[in-house]
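K.L.:
Below you will find the structure I want to go over with you.
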Amino acid sequence: ALERTFSIVKPDATKRNLVGQIVAKFEEGGLRVIAQKRIQLTLAQAQTFYGVHSERPFFDELCEFMISEPIVVQVLEGENAIARNREIMGATNPAEAVAGTIRKEFALSIGENSVHGSDAPETAAEEIAFFFSGLELVG
Ligand code: CMP
């Protein structure tokens with residue numbers, strides 16, 4: 001089915017000017033950017049967005065990293081967009097990512113892993129609504 005998912009180009013990637021190369025991977029993989037903006041998160045926004053990870057040992061490091069540089073937040077649309085996006089990104093840990101994936105080509109480490117993508121339909125809807133109004137989604 002036609003789906004929407006939420007995507008972030010993370011600080012390690014914006015810093016290295018990789019936004020276009022990452023968007024090209026999504027487009028080549030059959031996804032369409034239907035909303036996109038460059039922002040810099042506040043600490044409070046990062047902590048809220050990653051709230052599900054608040055008890056993890058890497059939570060503070062994750063939030064500090066996510067506010068360290070601008071990010072690009074996006075909504076991607078396509079057939080099975082959530083699963084498709086996860087295939088295009090590759091494994092969270094770049095050492096485990098398949099050749100040709102974004103994380104294999106660009107990620108620096110499990111934390112500085114260049115992109116985020118929603119993991120399920122419910123989280124996709126929540127994450128899209130956290131950053132975008134309905135009027136900003138132009139399919
Ligand atoms: P993301 O999809 O943005 O969701 C949670 C993030 O936590 C994940 O990508 C990783 O970048 C990050 N993460 C997961 N495990 C670790 C770890 N061991 N150390 C630092 N960051 C991590």
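The values are calculated or read from the model by the stated rules, or taken from the named source; none is laboratory data. These numbers were taken from a predicted model, which means no experiment stands behind them. Counting neighbours? That spans all protein chains shown, and the Cβs are built from the backbone with ideal geometry, glycine included. Please note that ligands, DNA and RNA were not included when accessible areas were found on the heavy atoms of the full protein model with its side chains. Shrake-Rupley method; radii C 1.70, N 1.55, O 1.52, S 1.80 Å.
K.L.:
Can you tell me which residue among Phe49, Phe106, Phe59 is of a type in the set (Phe, Trp, Tyr), farther than 15 Å from Ser7 by Cα and within 12 Å of the ligand (Cβ to nearest atom)?
P.N.:
On the way: Phe49 fails: farther than 15 Å from Ser7 by Cα; Phe106 fails: within 12 Å of the ligand (Cβ to nearest atom).
Result of the check over Phe49, Phe106, Phe59: Phe59.
K.L.:
Moving to a separate point now. Which one is farthest from the ligand (Cβ to nearest atom), of the residues in the stretch 22-46 that are part of a helix (DSSP H, G or I) and buried (at least 16 other Cβ atoms within 10 Å of the Cβ)?
P.N.:
Step one: of the stretch 22-46, the residues part of a helix (DSSP H, G or I) are 22-28, 43-46.
Going one step further and asking which of them are buried (at least 16 other Cβ atoms within 10 Å of the Cβ), we end up with 22-23, 25-26, 45-46.
Details: Ile22: 14, Val23: 18, Lys25: 16, Phe26: 15, Gln45: 14, Ala46: 10 Å.
The selected residue is Val23.
K.L.:
Sticking with this one: Restricting to the stretch 48-63, name every residue that is in a helix (DSSP H, G or I), farther than 17 Å from Val9 by Cα and open to solvent by less than 80 Å² (accessible area, probe 1.4 Å).
P.N.:
Gly51, His53, Phe59
K.L.:
Here are Ile110, Ile88, Ile128, Ile102: which of them is more than 18 Å from Gln21 (Cα to Cα) and either in contact (Cβ under 8 Å) with a residue 24 or more places away in the chain or of a type in the set (S, T, N, Q) (or both)? Outline the logic, then answer.
P.N.:
Numbers: Ile110 fails: either in contact (Cβ under 8 Å) with a residue 24 or more places away in the chain or of a type in the set (S, T, N, Q) (or both); Ile88 fails: more than 18 Å from Gln21 (Cα to Cα); Ile102 fails: more than 18 Å from Gln21 (Cα to Cα).
Just one listed residue meets the conditions, Ile128.
K.L.:
Hey, any hits in the stretch 64-74 for a residue that's more than 13 Å from the chain's Cα centre (by Cα) and open to solvent by less than 10 Å² (accessible area, probe 1.4 Å)?
P.N.:
No: the stretch 64-74 contains no residue that is more than 13 Å from the chain's Cα centre (by Cα) and open to solvent by less than 10 Å² (accessible area, probe 1.4 Å).
K.L.:
Starting from the stretch 64-78, take each residue that is more than 15 Å from Ala125 (Cα to Cα) and within 14 Å of the ligand (Cβ to nearest atom) and list its partners that are open to solvent by 30 Å² or more (accessible area, probe 1.4 Å) and in a loop (DSSP other than H, G, I, E, B), counting only C-beta distances under 8 angstrom and pairs at least six apart or across chains.
P.N.:
Phe65/Glu112; Ile67/Gln40; Ile67/Thr42; Ile71/Gln40
K.L.:
From (1) touching a helix residue (DSSP H, G or I) at 6+ places or on another chain (Cβ under 6 Å); (2) away from the ligand (no atom under 12 Å from the Cβ); (3) open to solvent by less than 50 Å² (accessible area, probe 1.4 Å); (4) of a type in the set (Gly, Ala, Ser), pick out the condition that doesn't hold for Gly90.
P.N.:
It is condition (2) that Gly90 fails.
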